[in-house]
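One structure is given here, and the rest of the page talks about it.
The values are calculated or read from the model by the stated rules, or taken from the named source; none is laboratory data. All values derive from a computational prediction rather than experimental measurement. Because the Cβ atoms are built from the backbone with ideal geometry, glycine has one as well, and the counts that use them run over all protein chains shown. Just so you know, the surface numbers come from the protein's heavy atoms only, side chains and all, with ligands and any DNA or RNA stripped out. Shrake-Rupley method; radii C 1.70, N 1.55, O 1.52, S 1.80 Å.
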Amino acid sequence: MNPSSPRIGRIRYLSDAVVRGCCLLALCLGISFLLLMIGFMWRESSLGIGFGINLYHFLVKEPWAPLATPPSYGIAHAVISTLLVAGLSLVLAVPLGFGIGLFTAEIAPLPVQQIMQPALEVLAGIPSVVYGFFGYVTLVKSFEGWFDMPTGECLLIAGIILAVMILPFIASTAAETFRSIPGELKDAAFSLGVTHLYASRRIFWRAALPGLFAAVALGMARALGETLAVLMLAGNSVAVPHSLFDRGQPLTALLATELGETAVYSVKYQALFASGFFLLVIVLGINILIWIMKQKVMQHAHA
Amino acid sequence: MPTPEQTLKYPGATMAAGDSFRRAVSRDRFFQGLLWACGLCGFLLPVAIIAYLLSGGIHSLSRTFIFDYPRGTPLGARGGIWPAIQGSFALAALGLGLSLPLALGGGIYLAEYGRGRAFATVVRFLVECLAAVPMIIYGLFGYAFLVVFLKFGVSLLAGGIVLAFIMFPIILISVQESLLAVDDAYRDMALSLGVTRFYLFRKVLLPQAWRGMVAGVVLAVGHAVGSAAPILFTASIYFSKGGLDLREPVMTLPTHLYNLVSEAISFDQAFGTALVLILGLLLFNTSALLLRRIGGVNSP
């Protein structure tokens with residue numbers, strides 16, 4: 001039969017339409033996860049209606065004391081712990097990450113560049129629980145000796161290990177950004193005889209600003225959501241931490257500790273899901289920021 | 001005066017000869033040294049961590065450690081981790097089986113059928129959001145939705161579905177990106193010959209893009225297998241003697257490691273478990289990287 005006969009053409013067209021429909025269906029099904037997740041977290045937290053706790057008490061005032069009479073559920077200690085740990089990890093990882101990014105993108109010779117990327121990917125591929133274990137057997141044990149602490153776990157250690165965990169994400173995003181700086185800009189700068197320091201400080205830095213911002217945001221989103229490492233290293237104490245040497249309990253650790261022993265649909269269950277919902281919303285908000293910054297970087301690269 | 005070598009390295013700087021020039025150069029030297037130090041740090045960190053785990057765990061590795069189930073008092077202090085290895089594999093396989101069809105279809109749609117439309121942009125953004133959701137939120141959602149609401153109970157099935165949620169966005173993004181990396185000229189030529197989009201995908205795009213896709217799948221699976229947070233409350237159990245059942249919970253490597261450390265059962269066993277986990281993932285991820293690197297050069 002003639003291969004271009006109308007019948008075969010129609011079958012082909014039809015089968016293509018079927019494939020197309022299946023692909024679209026798969027996509028929609030997959031995407032509905034996200035909406036389902038957001039909706040379900042909202043439902044389980046009962047934040048919309050029937051949330052058993054005054055929101056101000058929940059976020060700021062009350063301690064986390066589910067066993068007290070009457071029980072009180074407040075996550076202020078967890079919010080403070082999360083902010084301390086994530087802040088510390090950013091303070092440590094951002095300068096180093098930018099340095100590594102600038103190094104790989106600008107001054108490393110090609111063979112070194114080719115080593116750096118897999119090295120960072122190995123760092124990113126180590127699971128959270130292994131980082132937790134590593135921190136436990138190295139830093140926690142050492143801190144007990146160095147600082148004469150009864151138990152070595154503290155927010156400082158959690159922050160240090162967290163910094164190592166978010167470092168590869170910050171570094172590779174920064175490297176990508178520095179690489180996307182237009183070549184004419186670099187050529188123009190170096191043909192004027194400026195040093196690498198001057199070019200980085202006065203020229204590249206400005207051109208890379210949106211991308212670097214995205215790198216920091218990405219690191220922050222990671223740091224806020226990281227669970228196992230902070231669970232194992234921060235000490236899991238419900239007291240409000242006053243310094244980095246105190247034990248604390250970041251939000252994620254609170255969730256991981258308490259969920260297993262919570263009666264379904266109780267007030268405590270609502271409190272946990274409300275915390276989870278806040279975390280989800282914050283991370284998604286950061287992600288929106290990253291998206292905007294990335295669009296800016298892309299415009300830069302195309303302009 | 002700058003030496004000829006300096007003149008060569010900073011062309012145009014000869015006019016600024018003198019003190020300020022020398023100061024600028026020495027400052028720049030310091031700056032570059034600092035950057036080299038940063039780079040060295042980034043290289044030494046992973047090497048040091050892996051080396052530390054190797055030196056601490058290598059002596060725990062043995063045939064019994066791999067192929068036996070946990071024994072001793074407290075449970076896990078002796079014996080092996082076979083049920084955990086089994087459980088991790090089962091979870092990964094289940095998650096991949098569930099997520100791959102959806103992610104493949106979705107990626108193909110975004111890259112081929114819906115390219116350039118506002119719909120595709122919005123969906124891609126949602127997928128990236130899904131990829132950014134913290135692991136513990138997946139665990140929370142899986143617990144509330146699958147374990148409690150759908151009454152799956154803490155089981156292999158629930159855990160597999162949660163891991164599928166986690167793998168879906170990562171696989172989808174890599175499928176889309178590998179397809180987009182194929183030169184548009186191939187598409188134009190094929191389509192101008194009157195073939196269907198599906199034919200184009202099977203015969204022209206797939207041979208060029210499959211390496212990138214497989215690499216993405218491997219990375220996604222490695223990412224999901226290593227994380228304990230999502231399966232802590234959906235699939236994992238403290239002890240099992242092995243054997244798999246969709247309705248029953250399983251032991252997994254990351255949760256087993258967590259239990260060994262948090263209950264202070266045995267650090268030797270914990271070192272061994274961490275080493276098995278990390279070596280497995282390293283092997284897995286390295287193969288993905290190699291595949292991707294080879295994939296950069298397309299043979300016709």
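Below is a table of values for the structure above.
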read-out	value
Computed helical MRE - 222 nm, chain B, DSSP H runs ≥ 4 contributing -39500 (n - 2.57), nearest 500	-22000 deg cm²/dmol
Rounded to whole Hz, the Karplus (6.51, -1.76, 1.60) HN-Hα couplings of region A:123-135, x for glycine and proline	4, 6, x, 6, x, 3, 5, 6, 4, x, 5, 4, x
Separation between Cα centres of region A:31-109 and region B:122-171, rounded to whole Å	18 Å
Most mobile of A:Thr262, A:Thr104, A:Thr177 in a GNM of chain A (Cα contacts under 10 Å)	A:Thr262
Under the Karplus curve 6.51 cos²θ - 1.76 cosθ + 1.60, θ = phi - 60°, whole-Hz ³J(HN,Hα) for region B:241-255, x wherever Gly or Pro sits	9, x, x, 10, 8, 4, 8, 9, x, 10, 7, 9, 4, x, 6
Cleavage-rule hits, trypsin sites (Lys or Arg not before Pro), region B:218-300, DSSP coil, Cβ neighbours within 10 Å at most 12	B:Lys241, B:Arg247
Longest site-free stretch - chain B; sites: chymotrypsin sites (Phe, Trp or Tyr not before Pro), DSSP loop, at most 16 other Cβ within 10 Å	B:1-237
DSSP-loop trypsin sites (Lys or Arg not before Pro) across region B:151-205, with at most 12 other Cβ within 10 angstrom	B:Lys151
Residue mean of other protein chain beta carbons inside 10 Å, B:44-55	4
Tensor-based shape of chain B (alpha-carbon gyration tensor, a/c under 1.5 rounded, otherwise prolate or oblate)	oblate
Relative pair counts by distance (%), Cα atoms of chain A, 10 Å bins	6, 21, 24, 21, 15, 8, 4, 1, 0
Nearest-20 debye value, the protein assembly as shown charge dipole, Cβ charges on Lys, Arg, Asp, Glu	1400 debye
Ratio Rg/Rh [Cα only; Rh per Kirkwood] for region A:1-45	1.46
Entries of A:Lys61/A:Lys141; A:Lys268/B:Lys151; B:Lys151/B:Lys241; A:Lys268/A:Lys294 with Cα pairs more than 30 Å apart	A:Lys61/A:Lys141; A:Lys268/A:Lys294
Separation in nanometres of the label points that stand 7 Å from Cα toward Cβ, at A:Ala263 and A:Val60	3.1 nm
Options B:Ala164, B:Ile265, A:Pro71, ranked by Cα towards positive dipole end of the protein assembly as shown, top entry (Cβ charges)	B:Ala164
Exercise: per-residue mean of other protein chain Cβ atoms within 10 Å, A:155-166	0
Extension gain (nm, one decimal) between A:Leu185 and A:Gln113, 0.36 nm per residue minus Cα-Cα	23.8 nm
More than 26 angstrom apart: percent of Cα pairs within region B:89-251	36 percent
Rule-of-thumb Rg ratio for the protein assembly as shown [Cα; 2.2 N^0.38 Å; N residues]	1.05
Residues along region A:25-39 losing 40 Å² or more of accessible surface when the other protein chains are present rather than the chain by itself (probe 1.4 Å)	A:Ala26, A:Leu27, A:Ile31, A:Phe33, A:Leu34, A:Leu36, A:Met37
Hypothetical label at B:Arg293: residues of region A:98-117 whose amide nitrogen lies under 11 Å (7 Å Cα-Cβ projection)	A:114-117
Rel. contact order, % - alpha carbon contacts under 8 angstrom, at least six apart, chain A	26 percent
Debye log10 I(q)/I(0) at q = 0.16 Å⁻¹ for region A:46-126, Cα point scatterers	-0.74
Rounded if a/c under 1.5, otherwise prolate or oblate - region B:30-179, Cα gyration tensor axes	oblate
Only Lys, Arg (+1) and Asp, Glu (-1) charged, at Cβ; region A:27-154 dipole about Cα centre in debye	260 debye
Between B and A, accessible area buried - total, square angstrom, nearest 100, 1.4 angstrom probe	7300 Å²
Candidates B:Leu140, B:Leu191, B:Leu104, ranked by Gaussian network fluctuation over chain B, Cα under 10 Å, top entry	B:Leu191
Nitroxide proxy distance, nm - points 7 Å out along Cα→Cβ at B:Leu191 and A:Arg7	3.0 nm
The protein assembly as shown, accessible surface, carbon-and-sulfur percent (1.4 angstrom probe)	67 percent
Pairwise Cα inverse-distance average, inverted: Kirkwood Rh of region A:1-151 (Å)	22.8 Å
Dipole magnitude of region B:89-251, debye to nearest 20 (Cβ charges: Lys/Arg +1, Asp/Glu -1, about Cα centre)	220 debye
Distant-in-sequence amide H partners of A:Ala65 (H built 1.01 Å from N, under 5 Å)	A:Ser72, A:Tyr73, A:Gly74
For region A:117-238: rounded, prolate or oblate by the Cα gyration tensor [a/c cutoff 1.5]	prolate
Qualifying chymotrypsin sites (Phe, Trp or Tyr not before Pro) in region A:117-156, DSSP loop, other Cβ atoms within 10 Å at most 14	A:Phe147
Projected label distance in nm at B:Lys241 and B:Leu75, using a 7 Å step from Cα toward the beta-carbon	1.2 nm
